[in-house]
Amino acid sequence: MSKKTLTLMSKDKQLFNIEEHLAVQSVTIRNMVKEDGASSVIPLPRVDSETLALVIEYLNRQQAPEEDEDYVKKFVDERGEIPTLLELAQAALDLDIKKLMDAACMKVADLIKDFTLEEVREALRIENDRTPEEEKAIRDEFQWAF
Amino acid sequence: MWKRKRLEQCKDGLRNLDEDLVWLVSRLPDEVLVSILSKLHLKDAVVTSKLSRRWRYLLCQTDRLVFEDREKRCVIRSEQDSNANKYMSWVNHIIHQHKRPKIDEFNVSFGFDKSATDAINKWIEFAISKDVRTLELNFKRFSQTGGNYYFNVPVMEIKFLKSLILNHVDVDDEGLKKILRNCPILEDLSIVCSRKLVKPEIHEKGFALKNLDMTSCNGLKSIEICDSNIVSFSSRGYPIALKFDNLQKLQKICMSKGYSLKTMNDILCQICCGVPYLQVLELDLYFLEGSIGPYPFPKLQQLEELIVNVFDRDDDALFVLSFLVEACPNLRRLTIMKTMWSRPRHMNREARRMADKPHQCLEVVEIVEYRDSARDLELAMYFVQNCVALKKLVIKPFGGPGLAKDKIMEKSVAKNRARQQLEPITPVGVELIGISQDMEVFWILEYEVKEKPMLNSLMQGGLDYIMLQYLNIDGIRTIGSVLGQSIALDYYVRQVDGMVGEFTDINRSMEKTGTFTMKRKKLFQLVGKAN
């Protein structure tokens, strides 16, 4: 029996092939296949090609079920940079691959744990868009923080 | 990983990015950020609320609310009241703002006593209204004044609760029944330090309950479990009467503390009759009292793994152990955990030696906290000699992770001493493995005889192995001669080392004193030997 392959298209219009039985680990793809057989190309408008290549590598893993947890953990550990992890998490969200999403988010959480406000701001590059009045209000509001 | 290093790593990751990618977080969907927040400690997550307008309300969407008291502020008694109030208002604020319709985990950990009952009841109500799946109330504290919070089981059905952990929370026998009745999918139930539990009975079939733990419930008199589908049961605490009946799925039992031989025998009888498929059993063999004599322990046919905790200097326990092992004919794995923290009561009594009892199935024996004492060596010897099928002897030498500096030396000495002691007694075919406290394997010794007909040459050797094409008398002769040569080589190496050392000493003293003091005859002997 020949294995059916699917084609995924990244944001920058690159095409990736993957065997269907591996691709359906993604709930999104599984639903698409169920609906119309997904004969055409599946577009992923929020996922760039580098991230999609990673996702494909993840889906192609050949791990025994009992080693899978360790594999996922190692997989994200090796890609320990925040931007990569965040892109990966977003891709996993769009494709609905829960394990990968959880592992990527867990890794980010591990990286930024114990950080102070300013450190989180630096690590994730988040701009403070509040006015000074709002700042004060929020400080007052968080008096209760334990 | 250290905080500073992590921060550097995070910044490095951003440095090489294009300008449009740098503000990556701002275009990520909320779901990703909320998922990250859910995995942070709540305290760190609260910090992020102050980041920006967008982050202000992300926290209200998390599916885990774990209120941890990581600084253990509940411990300082003088400040307990004010901290308790602060903690309470923290929890109240967060749950007040919480928006997500469902939560996965709700965990309150603080040393509350029953004076906080009203607040705690509200939190439980909140958690249940959000279809909580894991609920943990951990009110562990050192001072026992005030009394535990009493868990008032809600009347309505708690449909989604899968795991319930109650630590220092009072549950009574009736309460336990109600919990089981009202939580149709509850699988894990752990009740720790409840003082109201006396004679709990679990009778009905049809509960989802799989793992039951009743640890340190000091009011317990007896436990009765019949016709249930539980898979693992653990009760650490004072001796209690047990009744097991028709527990077909029960695979693992963990019992401990202060059993006399009689109560232990009773437990084994209960297991024998009521738990036909038990695979793993953990027992403490402390303070065993009772008549000496033959121990007619009932046979546990299915048991595959036995874990026993013994005191380091209690030979008696080891004596009992030999009978216990005999009672488990299909045992494959035995772990002996040794504890140091207390002396056995009857230390002065004449030690009873382990009686030789051959065992056919035991494959792996692990000794934790191995010291290089004669007693431990004897223990290892016992299993090497009596277990026909032994494949692995795993040794975790003594020494915890938090040892002082001078103890670290001692630890590494202990490691190597253990190896030196055990190497000679380990027979061919048994793997000797040393494992440190953090599970790292630091030496493996394995001898095995293998035939390899595919081998190109008649024999192949390496640093620590020899392989033969066929095992016949010629082959053995080859091994013998190679071994002989290497031992002879060892011998000469030692001789040469000794002589070089001697010459060095002579030279040094000549250099220092300018005279030569050695006897003429001795010098000639040395020169003769060296030539």
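Listing for the model above:
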| read-out | value |
| --- | --- |
| Of all residues in the stretch B:86-110 being touching a helix residue (DSSP H, G or I) at 6+ places or on another chain (Cβ under 8 Å) and more than 14 Å from chain A (Cβ to nearest Cβ), the one that is nearest to residue B:132 (Cα to Cα) | B:103 |
| The stretch B:124-159, residues that are closer than 20 Å to residue B:186 by Cα, touching a His at 6+ places or on another chain (Cβ under 9 Å) and assigned to a loop (DSSP other than H, G, I, E, B) | B:130 |
| So residue A:88, is it farther than 16 Å from residue B:29 by Cα and within 14 Å of chain B (Cβ to nearest Cβ) | no |
| Breaking point among (1) of a type in the set (A, V, I, L, M, F, W, C); (2) at the interface with another protein chain (Cβ under 8 Å from one of its Cβ atoms); (3) in a loop (DSSP other than H, G, I, E, B); (4) touching an Asp or Glu at 6+ places or on another chain (Cβ under 8 Å), for residue A:93 | (3) |
| Conditions (1) part of a loop (DSSP other than H, G, I, E, B); (2) at pLDDT below 90; (3) β-branched (Val, Ile, Thr); number of the one not met by residue B:230 | (2) |
| Restricting the stretch B:110-143 to residues that are surrounded by 20 or more Cβ atoms within 10 Å (Cβ to Cβ) and among the small types (Gly, Ala, Ser), the residue that is farthest from the chain's Cα centre (by Cα) | B:116 |
| Residue selected from the stretch B:359-378 under the condition more than 22 Å from residue B:329 (Cβ to Cβ) and outside any strand (DSSP E or B), by the criterion modelled with the lowest pLDDT | B:372 |
| Only one of B:247, B:220, B:242, B:212 that is under 19 Å from residue B:162 (Cα atoms) and surrounded by 19 or more Cβ atoms within 10 Å (Cβ to Cβ) | B:212 |
| Of all residues in the stretch A:113-133 being more than 7 Å from chain B (Cβ to nearest Cβ) and in a helix (DSSP H, G or I), the one that is farthest from residue B:51 (Cα to Cα) | A:133 |
| Residues located in the stretch B:32-63, provided they are within 7 Å of another protein chain (Cβ to nearest Cβ) and acidic (Asp, Glu) | B:44 |
| Condition met for residue A:48 (in contact with an Asp or Glu (Cβ under 7 Å, 6 or more places away or on another chain), of a type outside the set (Val, Ile, Thr) and over 19 Å from residue A:20 (Cα atoms)) | yes |
| The stretch A:46-77 - residue that is touching a strand residue (DSSP E or B) at 6+ places or on another chain (Cβ under 9 Å) and without any contact (Cβ under 8 Å) to a residue 40 or more places away in the chain and, of those, surrounded by the most Cβ atoms within 10 Å (Cβ to Cβ) | A:49 |
| Test: residue in the stretch A:34-57 that is touching a helix residue (DSSP H, G or I) at 6+ places or on another chain (Cβ under 9 Å) and of a type in the set (Gly, Ala, Ser) | yes |
| Among residues of the stretch A:96-111, those that are buried (at least 21 other Cβ atoms within 10 Å of the Cβ) and facing chain B (nearest Cβ under 7 Å), counted | 4 |
| Single condition residue B:395 does not satisfy, out of (1) at pLDDT below 80; (2) farther than 22 Å from residue B:256 by Cβ; (3) outside any helix (DSSP H, G or I) | (1) |
| Some residue of the stretch B:111-123 being under 18 Å from residue B:186 (Cβ atoms), out of contact with any Phe, Trp or Tyr (no Cβ under 7 Å at 6 or more places or on another chain) and modelled with pLDDT of 85 or more | no |
| So residue B:11, is it basic (Lys, Arg), under 19 Å from residue A:111 (Cα atoms) and either under 37 Å from the mean Cα position of the chain (by Cα) or at pLDDT 80 or above (or both) | no |
| Matching entry among A:45, A:65 (being more than 10 Å from every other protein chain (Cβ to nearest Cβ) and over 26 Å from residue B:23 (Cα atoms)) | A:65 |
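The values are calculated or read from the model by the stated rules, or taken from the named source; none is laboratory data. If you're wondering where the values come from, they're calculated on a predicted model, not measured in any experiment. Positions of Cβ are backbone-derived with ideal geometry, glycine not excepted, and every protein chain shown enters the neighbour counts.
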